[in-house]
Every structure is written in C-alpha cells, then in structure tokens.
Amino acid sequence: MNRALPDVRLRVPTDEDAFAWHRVFADPEVMEFHGGKAAELSVYEELTARQRRHDAEYGFCLWSVLDESGEVIGFTGAQPWPREWGPRGEIEIGWRLARAHWGKGYVTAAAGMTLERVRAAGVRSVVAMVDARNARSIAVTQRLGMRLAETYVTPTSQRKGHCYRLDL
C-alpha cells in the first residue's frame, strides 16, 4: 500500500542551518555510515556556505529539508562529486535526516524534488554513493528508480560503496 509522502520544503541552507545540521547529525545512528559522529560545527558552517555557492553557480545544492512545522530535519540535494576517487565529474544526489524522521517518506519526497530541480537545471544524469550496508538509503535509490552501476572501496574506511545511477 502506497501512503502519501509528507509535505517537505527544501531551501538553500542559511548560516543558522549549520547549527541545525550539527545538532541533527550529533546522533550516532544518523552518522553510522558517515564516520559515526558529527563533525565540528565549523565543518557545517563551511558546508552550508559551499552549498550557497553551489546554488548560485549550478542552480542546485544540498538543501536544508524542512518538515511541515518548518523545522530543519536534515539535508537532501545534489552537488558535484567532491572526491578524487569514485564517480569523478558527476553530479551526486544525497540525503541525511534526523533519526526521528526516518521511515516516514521525508527523504523520498525530498529526493524526488531534488531530481526535478537538477533536471530543470540541465543535469542529464545523477549518481548516489551509498555504503553497501546502508539498507535504508539503498531502498531510497530503488524508490527513485536508480540502478546499481558500480562498486567502490572507499580509500579512508576501506568499506564497499555502491554507485547508483539515474538518467534524467
């Protein structure tokens, strides 16, 4: 049975959103596949500033996800793949969400909006890099219609990562 997706809003992250992201990502469960703990606040301050630049330059970024009440509950969006390994030169979509909002359709709704926005910006295909053990994110890629295209071993953690692709 398909349930209706929740009403979410995406916005270019503000300076204040760095604090919200830091708070949301302080949960070890949220960070299980991202090093296990939140980065220092300064990392999120730089990340939100970089996303504002990406929005201005590309027309897309990692947007703050707001729930029905307007609370920042994570991020979803797209950015150029930032590393020297993996799908270099490609646009990656990604998401990270507060634990209290898991399993309710927020990521699927926000990622669907992301696909619409990057398509409108002229992007022809996207990738999603997902830790091979992250069943929840793998399920999101499947709901989005993405296909497993490649497998990588991440240089830092030596974990297997899946690269999913979708032509827009």
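Counting only residues that are part of a loop (DSSP other than H, G, I, E, B) and of a type outside the set (S, T, N, Q), which one in region 57-70 is surrounded by the most Cβ atoms within 10 Å (Cβ to Cβ)?
The qualifying residue surrounded by the most Cβ atoms within 10 Å (Cβ to Cβ) is 60.
Among the residues in region 71-84, are any in contact (Cβ under 8 Å) with a residue 60 or more places away in the chain, outside any helix (DSSP H, G or I), closer than 20 Å to residue 144 by Cβ and polar (S, T, N, Q)?
Yes.
Could you list all residues from region 110-132 that are of a type in the set (Asp, Glu) and over 20 Å from residue 73 (Cβ atoms)?
The one that is of a type in the set (Asp, Glu) and over 20 Å from residue 73 (Cβ atoms): 131.
Just to be sure I understand, how many residues within region 95-117 are in contact with a helix residue (DSSP H, G or I) (Cβ under 9 Å, 6 or more places away or on another chain), in a helix (DSSP H, G or I) and among the basic types (Lys, Arg)?
Going through region 95-117 one residue at a time, the tally reaches 1.
Which one of the conditions (1) outside any helix (DSSP H, G or I); (2) more than 24 Å from residue 141 (Cα to Cα); (3) touching a residue at least 40 places away in the same chain (Cβ under 8 Å) does residue 39 fail to meet, given that it meets all the rest?
Just one mismatch for residue 39, condition (3).
Against the condition surrounded by 18 or more Cβ atoms within 10 Å (Cβ to Cβ), touching a strand residue (DSSP E or B) at 6+ places or on another chain (Cβ under 9 Å) and polar (S, T, N, Q), how does residue 79 come out, does it pass?
yes
Pick from region 1-36 the residues that are small (Gly, Ala, Ser) and part of a loop (DSSP other than H, G, I, E, B): which of them is most open to solvent (accessible area, probe 1.4 Å)?
4
With 88, 53 as the choices, which residue is outside any loop (DSSP other than H, G, I, E, B) and either surrounded by fewer than 13 Cβ atoms within 10 Å (Cβ to Cβ) or at positive phi (or both)?
53
The values are calculated or read from the model by the stated rules, or taken from the named source; none is laboratory data. Computed from a prediction, not measured in an experiment: that's the story for all the values here. Every residue, glycine among them, receives a Cβ derived from its backbone with ideal geometry; neighbour counts consider all protein chains shown. These area figures cover heavy atoms from the full protein model, side chains too; ligands, DNA and RNA do not enter into them. Shrake-Rupley method; radii C 1.70, N 1.55, O 1.52, S 1.80 Å.
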